[in-house]
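*Asks:* Here you go, one structure.
The values are calculated or read from the model by the stated rules, or taken from the named source; none is laboratory data. Because the structure is predicted, anything quoted here is derived from the model rather than measured. FYI the Cβ positions are ideal-geometry reconstructions off the backbone, even for glycines, and counts take in every protein chain you see.
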Amino acid sequence: MTAEKNISIPTSEIEKENLRCLYKITKNLASSANLQDTLRRIVEILNEEKEMDNGTVTIVNPVTGELEIEVAYGISAEARKRGRYRLGEGITGKVVSTGEPILVPQIGEEPLFLNRTRTRGDKRKKKSSFLCVPIKSGNGCIGALSVDRIYEDDLGRRSEQNLRFLMVVSGLIAQTVQRVQKANEEKKALRSENSQLRRELTSQNRIKEIIGNSSRMQEVFDMVHRVADSNATVLLRGESGTGKTLVARALHYNSHRANGPFIVVNCSALPETLLESELFGHEKGSFTGATERKKGRFEQAKGGTLFLDEIGEISPAVQIKLLNVIQERTFQRLGGTETIKADIRLVAATNRDLETAVSEMHFREDLYYRLNVFPVYLPPLRKRRTDILLLAEFFLDKYCRENRKEILRISTSAIDLLIQYHWPGNVRELQNCMERAVLICDSDSIQSIHLPPTLQSPDSIQSKDQLSLATAVENFERDLIIDALKQTRGNQTKAAKYLDTSLRIINYKIHSYGIDPKQYKVKK
């Protein structure tokens, strides 16, 4: 027979009370996710089950090094704010600094009790006992748990039991604080890692040749990276000047065909008869003037990428032949019988509405579906305004180097015009605009007068108010002063020298135009 183990069963009411209270506390710790809510519920349970009033959890502030009340039962928010202690100050400060619990039989007779919260004013509370135990984390002490209890003559055994009980509760609180702090640190590390990964992905996602940080361009970059390594036919959609050729080039040089040729054909630049020969090639004598065999662009692009720009402009006859090549991946030269394999990656582009062209019978529906395997939409510049200044500065640098000029910046007034303009010609128009501005600019900054008249028209900036000469001069003068303050980091004396005028005049103009030089100072 197996000997029965002696099981100690609590018989005293205090032990039963303690077990019941601990059960509720541990249950609360297991179910709550918020640290402050958990601690608040613990001091409530101590009051309900153990008649421990003014239950308070005080935590060391890692920034100030002071003890601050985290939660307190029966104490107002104003009183909690007053409950701040330095380490070693008062009973709570002494408990945290020494790591040892303290029992005060009667609060009113203890000189160390500071009553910072001012909640123990009446005689009954002055005759309360005060119990304070440390909350330890590792080898250090992170705070304290304190309660009030009605003073009893029989302090000895009962008070020691309560103190030991509070030490158990403080141990549970310490474990909870450590667990929450660890979880918060892991969350912080995870957020930091996610942010880093996002930055790395954004950096990797960018295409060196294409300028743009806007969300619309990030979508384009993402689509390019997704399809680059496949052989799927890509159809680039978008208005003229949005950069379809650059995207086609990026698709090629980010693919496994990067070492092969990148061949471009502008379908709208050639008549039907020449386009067919240009694409497929011809044999000697196949038509008048064909004095020798010629390889077409499909052959020249072998192992690489063939980019067909303005695909929506090709004639129905060429559409049929192109459809056969895309379907069969083979073709024949004009006047020839040899079947040639088309080992190419096809990228097409158009600014036409192909769906409308299909419905109007101007474009073959079957060819449309063959081309539209992976469409990529390039947004117009007016839909990605956050990229305008980025592009303008890129072109400014480019044309300054080409023309050996030193233009340092774009003025505020010029930036305003660039941002407000609707850019019907998209990036190409912006490029031409900046090239012109660089060529006619003789100072170190691009001013609004250097921009084309189209950008300064009322329609372009959506303004119906016609400026008087005096107002126009004032605006120009104000922009010059702001540019000077930017250049001199808000230094008015240097700004006056920069503009070759006196400090008195600059101060007068700054006051008249309501300019705040402080906003142009370097913030440390």
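*Asks:* Could you count how many residues in region 348-397 are among the hydroxyl-bearing types (Ser, Thr, Tyr) and closer than 25 Å to residue 306 by Cα?
*Replies:* 4
*Asks:* Would you point out the residue of region 195-239, among those that are at pLDDT 85 or above and among the β-branched types (Val, Ile, Thr), that is farthest from residue 376 (Cα to Cα)?
*Replies:* Top of the filtered list is 211.
*Asks:* Still on this structure: Of the residues 251, 236, which single one is closer than 24 Å to residue 341 by Cβ, surrounded by 21 or more Cβ atoms within 10 Å (Cβ to Cβ) and not basic (Lys, Arg)?
*Replies:* 251 is the lone residue from the list that is closer than 24 Å to residue 341 by Cβ, surrounded by 21 or more Cβ atoms within 10 Å (Cβ to Cβ) and not basic (Lys, Arg).
*Asks:* Quick check on region 313-332. Is at least one of its residues surrounded by 18 or more Cβ atoms within 10 Å (Cβ to Cβ) and within 37 Å of the chain's Cα centre (by Cα)?
*Replies:* No, region 313-332 has no match at all.
*Asks:* If I go through region 407-428 residue by residue, how many of them are more than 21 Å from residue 473 (Cα to Cα) and crowded, with 19+ Cβ neighbours inside 10 Å? Steps first, please.
*Replies:* Within region 407-428, the subset more than 21 Å from residue 473 (Cα to Cα) is 407-409, 419, 421-428.
From what's left, crowded, with 19+ Cβ neighbours inside 10 Å: 407, 421, 423, 426-427.
Number of matching residues: 5.
*Asks:* While we're on this one: Return the only residue of 219, 283 being over 20 Å from residue 428 (Cα atoms) and in contact with a Gly (Cβ under 6 Å, 6 or more places away or on another chain).
*Replies:* 283
*Asks:* Of the residues 377, 399, which is hydroxyl-bearing (Ser, Thr, Tyr) and out of contact with any strand residue (DSSP E or B) (no Cβ under 7 Å at 6 or more places or on another chain)?
*Replies:* The match here is 399.
*Asks:* Kindly list, by first and then second residue, each pair from a residue in region 85-113 that is of a type in the set (Asp, Glu) to a residue that is not in a loop (DSSP other than H, G, I, E, B), limited to pairs with Cβ atoms under 6 Å and residues at least 6 apart or on different chains.
*Replies:* The qualifying pairs are 110/104.
*Asks:* Same structure, new question: If we scan region 500-508, do we find a residue that is more than 31 Å from the chain's Cα centre (by Cα), in contact (Cβ under 8 Å) with a residue 12 or more places away in the chain and assigned to a helix (DSSP H, G or I)? Let's see the steps before the verdict.
*Replies:* Kept after step one, since they are more than 31 Å from the chain's Cα centre (by Cα), are these residues of region 500-508: 500-508.
In the following step, the residues that additionally are in contact (Cβ under 8 Å) with a residue 12 or more places away in the chain were identified as 506-507.
From what is left, the residues that are assigned to a helix (DSSP H, G or I) are 506-507.
The answer is yes; a qualifying residue exists.
*Asks:* Also, I was wondering about something else. Looking only at region 38-64, which residues are among the charged types (D, E, K, R), closer than 14 Å to residue 165 by Cβ, in contact (Cβ under 8 Å) with a residue 40 or more places away in the chain and in contact with an Asp or Glu (Cβ under 8 Å, 6 or more places away or on another chain)?
*Replies:* The answer is 50, and nothing else.
*Asks:* Does any residue in region 179-194 that is outside the structural domain of residue 136 (by TED's automatic domain parsing) and at pLDDT 70 or above come within less than 8 Å, Cβ to Cβ, of a residue that is exposed (fewer than 10 other Cβ atoms within 10 Å of the Cβ) and part of a helix (DSSP H, G or I) six or more places away or on a different chain, and which pairs are these?
*Replies:* From region 179-194, no pairs qualify.
*Asks:* Still on this structure: I'd like to check something: does region 132-147 contain any residue that is closer than 26 Å to residue 18 by Cα, modelled with pLDDT under 85 and touching a Pro at 6+ places or on another chain (Cβ under 6 Å)?
*Replies:* no
*Asks:* Can you say whether residue 500 is among the acidic types (Asp, Glu) and at pLDDT 80 or above, as far as the supplied structure shows?
*Replies:* yes
*Asks:* Another question, then. Take residue 257 and tell me if it is surrounded by 15 or more Cβ atoms within 10 Å (Cβ to Cβ), basic (Lys, Arg) and under 20 Å from residue 383 (Cβ atoms).
*Replies:* On the way: surrounded by 15 or more Cβ atoms within 10 Å (Cβ to Cβ): yes; basic (Lys, Arg): yes; under 20 Å from residue 383 (Cβ atoms): no.
For residue 257, the condition - surrounded by 15 or more Cβ atoms within 10 Å (Cβ to Cβ), basic (Lys, Arg) and under 20 Å from residue 383 (Cβ atoms) - is not met.
*Asks:* Provide a single number: the residues in region 333-347 that are crowded, with 17+ Cβ neighbours inside 10 Å and farther than 24 Å from residue 249 by Cβ. Break it down stepwise before answering.
*Replies:* As a first pass, look at region 333-347 and keep what is crowded, with 17+ Cβ neighbours inside 10 Å: 333-334, 340, 342, 344-347.
This time we only want the ones that are farther than 24 Å from residue 249 by Cβ, so: 333-334, 340.
Selection size over region 333-347: 3.
*Asks:* Any idea how many residues of region 57-77 are polar (S, T, N, Q) and either over 36 Å from the mean Cα position of the chain (by Cα) or assigned to a strand (DSSP E or B) (or both)?
*Replies:* 2
A quick yes/no check of all residues on (1) touching a Lys or Arg at 6+ places or on another chain (Cβ under 7 Å); (2) modelled with pLDDT under 95; (3) more than 24 Å from residue 481 (Cβ to Cβ):
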residue	(1), (2), (3)
356	no, yes, yes
361	no, yes, yes
370	no, yes, yes
386	no, yes, yes
390	no, yes, yes
401	no, yes, yes
409	no, yes, no
446	no, yes, no
452	yes, yes, yes
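*Asks:* For region 241-258, does any single residue satisfy the condition of being hydrophobic (A, V, I, L, M, F, W, C) and in a strand (DSSP E or B)? Let's see the steps before the verdict.
*Replies:* From region 241-258, those hydrophobic (A, V, I, L, M, F, W, C) are 246-248, 250-251, 258; that's our starting set.
With in a strand (DSSP E or B) added as a condition, the list becomes none.
No, every residue in region 241-258 fails to be hydrophobic (A, V, I, L, M, F, W, C) and in a strand (DSSP E or B).
*Asks:* Using the structure shown, decide if residue 353 is of a type outside the set (S, T, N, Q), exposed (fewer than 15 other Cβ atoms within 10 Å of the Cβ) and closer than 18 Å to residue 238 by Cβ.
*Replies:* Values: of a type outside the set (S, T, N, Q): yes; exposed (fewer than 15 other Cβ atoms within 10 Å of the Cβ): yes; closer than 18 Å to residue 238 by Cβ: yes.
So residue 353 fits the description; yes.
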